[in-house]
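**Student:** If you scroll down you'll find the structure; I have some questions about it.
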Amino acid sequence: MAYKGQKQTKYTPEFKIKIAEAYLSKEYGGYKRCAEYHGLRDTRQLRYWVKLYRSKGGMDLLLNEQRGRSTKKHNLDTMSLEEQVKYLKMEVDILKKAKALQKD
């Protein structure tokens, strides 16, 4: 998480794969030296990328990583009845809370 006024750096999937492979090849030693060499602020990013890379389908996970806010739209037509009920109850609860906050 970035501090106020600090810009977040967005890395390309190819860059993430390159660094994960560099770490796994032991080219730079440990996480710290590898992260420093490639200009990462912290080793947590590198550890996460290596974890994804090592997992089943790791390269695909790094290429298709979708973090942050979801842009998924909920379509009631494709949901089962149980999913529809759960989703609609959640919406009602949210609206009730919003209405209660407006009264205060």
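**Student:** Name every residue in segment 87-102 that is among the basic types (Lys, Arg) and within 18 Å of residue 75 (Cα to Cα), in order of residue number.
**Tutor:** 89
**Student:** Please give the helices (runs of 4 or more DSSP H) falling wholly within segment 36-104 in which 1 or more residues are modelled with pLDDT under 90 and within 22 Å of the chain's Cα centre (by Cα).
**Tutor:** 43-54, 58-63
The values are calculated or read from the model by the stated rules, or taken from the named source; none is laboratory data. Here the structure is a predicted model, which is why all the values come from computation and not from measurement.
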